[in-house]
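One structure below.
Each value in this text was obtained by applying a stated rule to the coordinates, not by laboratory testing. Keep in mind that what you see is a predicted model, and the values were worked out from it rather than measured. Here the Cβ is made from the backbone with ideal geometry for all residues, glycine too, and neighbour counts use every protein chain on show.
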Amino acid sequence: MTTSPTARSRGSRPGTGLPVGRIGLWAFILLTVLFFLAPLYVMIVTSLKTMDEVRLSSIFALPMHPTFEAWRFAWSEACTGIECHGLQSGFWNSVRITVPSVAVSVLLGAISGYALSYWKPRGGEILFALLMVGAFIPYQLFIYPLAFAFAKTGLANTLLAVVMVHVFFGLPIVTLIFRNYYAGLPHELVKAAQIDGAGFWRIFRSIILPLSRPILVVAVILQTTGVWNDFLFGLIFGGTNNQPMTVQLNALVSAQFGEKPYNVHMAATILTALIPLAIYLASGRWFVRGIAAGAVKG
Amino acid sequence: MQETSVEVRDLKVSYGSFNVLDGLSLDIYQGEFLVLLGSSGCGKSTLLNAIAGLQDTADGSIAISGRDVTFTPPKDRGIGMVFQSYALYPQMTVAQNMGFGLKVRKMKAPEIEARITRAAEILQITHLLKRKPSDLSGGQRQRVAIGRALVRDVDVFLFDEPLSNLDAQLRTDLRVELKKLHQNLGNTMIYVTHDQVEAMTLADRIAVMKDGRIQQLAPPDEIYARPANLFVAGFIGSPKMNLIAGSLEQGTTFTAPGLRIALPGIQARPTSGGLTLGLRPEHLTLLPEGAVATGPVIEGTVDLVEALGPETIVWLRAGDSTIALRCDPRSAPAQGATARALISLQDASLFETETGDRLDFRPLP
């Protein structure tokens, strides 16, 4: 025997492959990253320039005298339609829409997911199937009937109307992820709590909710970014007093006469995207983990 | 007559159109350790869940401690339950786990504390009270799960395969502990398992179940010695009871393909069809060469010899049947040898092949 037993049985380590393949892989990844980061880069550098510099330099050039003037202007002075107070009112409108929409939809989704998963109410499966059908119908279909209903009930152009619409459309997906997550927890926990004398709500509050932290994080991220990025519902149901940031941004960018102040547009866009961007960056790890947990343990 | 603790009358449980239990009745005595034994899908867990109130019943009634609880919620039935996964609340400490049921009932904190302390002492888990379930071993978790029932001062303990998640060594240890606990507490305990060793060692009485019916309800020794039908005979015992299908000829001779066994003085008669003779492996004794048989004998060639240490199982091929018998390791025959085994007829069982029912069979001395 000339070869050692280990060398004979192990073969080559998997995954290393050919160096050429590796290089190609990395080149592809790098190219993809550049492709997706280039617009962000252009936005950031343009927002830090004065208009004189925007006119003169290439869009990829770094600002010679970086200034946050455009950001300040976009936040507090730019015109969004008739009013010229910048995006700040839109920001606070978005907060006022997002916080209750997320809180209510996540809470209701958790409760319905819990009920469907553990209590198996009569007809629960049919209800869930209908909910899923609702989730897959394009929501644009519902806009006219909803607008009609809100007009009839006097809810049109109110904050409540926008929040309600977000809760309606958020509920199916939130219910689904909670239901799947709860399906992976041992059902004997609920049985044990029943024997201990806890009822539907007590079990939810004392046993299930404390175990739901990872999936709560996922649901909150999903809903926050979804609601924050919404344009259509805010535009249609919010009226002029409750316009979210996205609607104001659109007004700011499209309603200008003469030369377009690109630096202000870029700054305004970044400001609007800041919240979802921050959430993704801060919680990407949680997000992936939670999605995987919800998906696999179905 | 002993006092009845749990009384199940004509219980019916259905999943859709399928009846898991159909007209099942069972009386469990005060302080009894009753084991529901059967393979999966026999309805034993369904019965336990129905007694606990976790399973809706279609018909019939359940009474616990003389009170009809058929429509009573689980919490008011005076029961505690230990699950296979223990179902300890992961985010709570051991003390909180044990106290949760009392807290839900709005008991005063000092009283809760006193009860937890007492139960922890009985179960010897006082040093674990501040820990979380994830820091405990399987055996410790099980004790906490029992403690959760103990603090509530319940009449009846229900166990749903509580040892199935443990390794073999721990299972044996905890089996002994459970038995001791039952002796100390004296509560009624209903215990579901598919493990016949657990059933034999723990039970005062075993209810062997199949297809939602109780096949036999009797103390372990009787279940073992006098199985009520072919299913019970085959289910209990390892190696299984030798079951030889044949018929009765000339009144007293049991005949199977390649086998003739004289059964002197047999009085039982099958109503129709054949008979099955049931012989436990320990009720066959190998005869030394040249020895004179004092009763009926089976003769065959040795197929296989399995040495288990304290005993040896010899597989004998006789006619069409393969018969297992236990013998002392020192007197085990060699493979391929011819051997004769003496049948201990007073220990044998006889069944009607068609119905599977036991036939009363008393050989004359």
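A simple charge model with +1 on the Cβ of Lys and Arg, -1 on the Cβ of Asp and Glu and nothing else charged puts the dipole of chain B at about 1260 debye relative to its Cα centre.
Compute the long axis of helix B:94-104 from its Cα atoms, compare it with the longest principal axis of the Cα atoms of chain B, and write down the angle in degrees, 0 to 90, nearest 10. Relative to chain B, helix B:94-104 is tipped by roughly 70 degrees.
Using the beta-carbon distance between residue B:122 and residue A:108 and R0 = 51 Å, what value does 1/(1 + (r/R0)^6) give for FRET efficiency, to the nearest 0.05?
On the way: r = 44 Å, r/R0 = 0.86.
With R0 = 51 Å, the Cβ-Cβ based efficiency is 0.70.
Across the range B:15-32, the residues whose backbone nitrogen lies under 16 Å from the label position 7 Å along the beta-carbon direction of residue B:222 are B:26-30, B:32.
In this structure, residue B:177 and residue B:247 have a Cβ-Cβ separation that, at R0 = 41 Å, corresponds to a calculated FRET efficiency of about 0.25.
Among the listed pairs A:191/B:12; B:44/B:130; B:180/B:210; A:120/B:240; B:75/B:180; A:120/B:132, which have their C-alpha atoms separated by more than 32 angstrom in this model?
Numbers: A:191/B:12 21 Å; B:44/B:130 35 Å; B:180/B:210 29 Å; A:120/B:240 42 Å; B:75/B:180 26 Å; A:120/B:132 30 Å.
Over 32 Å Cα-Cα: B:44/B:130; A:120/B:240.
Taking every full run of DSSP H in chain A, the ones that stretch at least 27 Å from end to end by Cα along their long axis and average -1.0 or higher on the Kyte-Doolittle scale are A:19-47, A:88-114, A:159-183, A:262-296.
Remark: chain A carries a charge dipole of roughly 1340 debye about the Cα centre, counting +1 on each Lys and Arg Cβ and -1 on each Asp and Glu Cβ. The shape of the protein assembly as shown comes out prolate: with a ≥ b ≥ c from the C-alpha gyration tensor, a/c is at least 1.5 and a/b beats b/c. Once you have a ≥ b ≥ c as the square roots of the Cα gyration tensor eigenvalues for chain A, tell me rounded if a/c is under 1.5, and otherwise prolate or oblate according to whether a/b is larger than b/c. Judged from the Cα gyration tensor, chain A comes out oblate (a/c at least 1.5, b/c at or above a/b). Identify which of A:67, A:153, A:269 has the largest mean-square fluctuation in a Gaussian network model of chain A, with springs joining Cα atoms closer than 10 Å. The residue that fluctuates most here is A:153. Multiplying the residue separation of residue B:311 and residue B:58 by 0.36 nm and removing their Cα-Cα distance gives an extension gain of 86.2 nm. Bridgeable aspartates and glutamates around residue B:106 (alpha carbons under 15 Å apart, same-chain partners fewer than 8 residues away excluded): A:196, B:76. Extending 7 Å from Cα along the Cβ direction at residue B:105 and again at residue A:151 yields two label points whose distance is 6.1 nm.
Between A:249, B:6, A:133, whose Cα lies farthest towards the positive end of the dipole of the protein assembly as shown when Lys and Arg beta carbons carry +1 and Asp and Glu beta carbons carry -1, centred on the Cα centre? Going by the Cα projections, it comes out as A:249. Extension gain, residue B:113-residue B:185: 0.36 nm per intervening residue step, less the Cα-Cα distance, totals 23.9 nm.
Label sites at residue A:64 and residue A:158, each approximated as a point 7 angstrom past Cα along Cα to Cβ, lie 5.6 nm apart. Considering only A:202, A:179, A:72, the Gaussian network model of chain A with Cα springs below 10 Å gives its largest mean-square fluctuation to A:202. Ordering B:217, B:46, B:89 by the projection of their Cα atoms onto the charge dipole of chain B, which places +1 on the Cβ of Lys and Arg and -1 on the Cβ of Asp and Glu, puts B:89 at the extreme positive end. Spin-label model, residue A:183 to residue A:77: label points 7 Å out along the Cα-to-beta-carbon direction sit 5.7 nm apart.
Looking at chain B, the DSSP beta bridges with both ends there are about 75 percent antiparallel.
Of A:279, A:177, A:195, the residue with the greatest mean-square motion in the GNM of chain A, using alpha carbon springs below 10 Å, is A:195. Could you work out how far helix B:168-185 tilts from the main Cα principal axis of chain B, as a 0 to 90 degree angle to the nearest 10? That helix lies at roughly 70 degrees to the long axis.
Rounded to the nearest 0.05, what FRET efficiency do residue A:40 and residue A:209 give with R0 = 30 Å and r taken as the Cβ-Cβ distance? Could you check? Taking R0 as 30 Å, the efficiency between residue A:40 and residue A:209 is 0.20. Per the helix-only calculation at 222 nm, which mean residue ellipticity applies to chain A, given -39500 (n - 2.57) for every DSSP H run of n ≥ 4 and division by its residues, nearest 500 deg cm²/dmol? The per-residue figure over chain A is -23000 deg cm²/dmol. Translational diffusion coefficient, Stokes-Einstein: compute it for the range A:17-67 using the Kirkwood radius over C-alpha pairs as Rh, at 25 °C and 0.890 mPa s, and state it as an integer in µm² s⁻¹. Calculated translational D: 191 µm²/s.
Counting helices only, and only those DSSP H runs with n ≥ 4, report the 222 nm mean residue ellipticity of chain B as the sum of -39,500 (n - 2.57) divided by its residues, in deg cm²/dmol to the nearest 500. It would help to have the intermediate numbers written out before the result.
Details: 8 runs with 85 residues, N = 365.
Taken over chain B, the calculation gives -7000 deg cm²/dmol.
Charged side chains reduced to their Cβ positions (Lys and Arg at +1, Asp and Glu at -1) give the protein assembly as shown a dipole of some 1840 debye around its Cα centre.
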